[in-house]
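**Q** Quick one: the structure is below, questions incoming.
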Amino acid sequence: MVGLMDPRSAEWRGHYAIVDPDHAPHGVLETADAVLAGGCAVLQLRFKGSDDREHLALARALTARARAAGCPFVLNDRLDLALLAEADGLHLGQDDLPVSEARRLFAGPIGLSTHDRSQAERAGSEGADLIGFGPVFPTVSKERPDPVVGLEELRAVCAAVDLPVVAIGGITIERAAHAYAAGAALVAAIGAVSRAEDPRAAAAAFHAAGGTR
């Protein structure tokens, strides 16, 4: 993997944008367009609905939009739909398919959600290309969030693992700078961007907070 397909490259630094139909009052495609225009290193779709046809159609639409913007598109949870939508990357949770099994079919970058130091430290040996770590702060974007890890634990994990770390959970513009300073390569926000009055300006601010323009 090189360039946009390599999570260790300079392109994968800054705002890790996540769009979610449950947290997109402006509309998920409209929010994605605004985020891509404002600035992001990665665009991910998180879809917790049960309609696979709608999920696939949305993933394909976002793949096309992200590709036109020169941004990698990542699908959350679903290996099958990621393959059908020709997504650039896949992101898995602790209760999803093991990364090693997904790797048998998916050639692109695979991220893994982690919620404590032991999970984060195992991720590399399991084959992950990057990790999400959090929630760093209390979050309202998940129904049953894991315990808050805090900035100091984020800092410790960033120092301990040899993978790019995505800080996630309760990230605001003000908190984003602290997450970057703790060593996070990317910072993910859902509500703070998608529920902003101006998602494009919010995305630009998140991306710029990481020193990326």
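Just so it is clear, none of the values below were taken in a lab; they were calculated from the coordinates. On a predicted model such as this, the values are computed, not experimentally measured, just so you know. A quick note on method: Cβ atoms are made from the backbone with ideal geometry, for glycine too, and the neighbour counts reach across all protein chains shown.
**Q** With θ set to phi - 60°, apply the Karplus curve 6.51 cos²θ - 1.76 cosθ + 1.60 along the range 74-86 and write out the HN-Hα couplings as whole Hz, x wherever there is a Gly or Pro.
**A** Values per residue, Gly and Pro as x: 10, 9, 8, 6, 9, 4, 4, 6, 4, 5, 5, 7, 6 Hz.
**Q** Take the eigenvalues of the Cα gyration tensor for the chain, scale each by 5, and report the square roots as semi-axes in whole Å, largest first.
**A** With the √(5λ) rule applied to the chain, the semi-axes are 22, 21, 16 Å.
**Q** Can you give the relative contact order of the range 3-209 as a percent, counting alpha carbon pairs under 8 Å and 6+ residues apart?
**A** Working: 436 pairs, mean separation 48.1, N = 207.
Taking the mean separation of contacting Cα pairs over the length of the range 3-209, I get 23 percent.
**Q** Could you give log10 I(q)/I(0) at q = 0.19, 0.30, 0.31, 0.32 Å⁻¹ for the range 25-66, computed by the Debye formula over C-alpha point scatterers of equal weight, without solvent?
**A** Taken in order of the listed q values, log10 I(q)/I(0) reads -0.56, -1.18, -1.22, -1.25.
**Q** Along the Cα-to-Cβ line of Asp22, 7 Å from the Cα, sits a label point; which residues in the range 42-85 have backbone N less than 12 Å from it?
**A** 46-50
**Q** Please work out how much length the chain gains when fully extended from Met5 to Glu197, using 0.36 nm per residue of separation minus the C-alpha to C-alpha distance, in nm with one decimal.
**A** Going from the current span to full extension adds 66.0 nm.
**Q** Quantify how much of the Cα-Cα distance distribution of the range 117-213 extends past 21 Å, in percent.
**A** 31 percent
**Q** Also, I was wondering about something else. So if I take the centroid of the Cα atoms in the range 49-121 and the same for the range 147-213, what is the distance between those two points in Å?
**A** Using only Cα atoms, the two centres lie 20 Å from each other.
**Q** Which FRET efficiency, nearest 0.05, do Ile173 and Glu86 yield, Cβ-Cβ r, R0 35 Å?
**A** Between Ile173 and Glu86 the formula returns 0.60.
**Q** If I model a spin label at Glu121 and Gln94 as a point 7 Å from the Cα along the Cα→Cβ vector, what separation in nanometres do I get?
**A** It is 1.5 nm.
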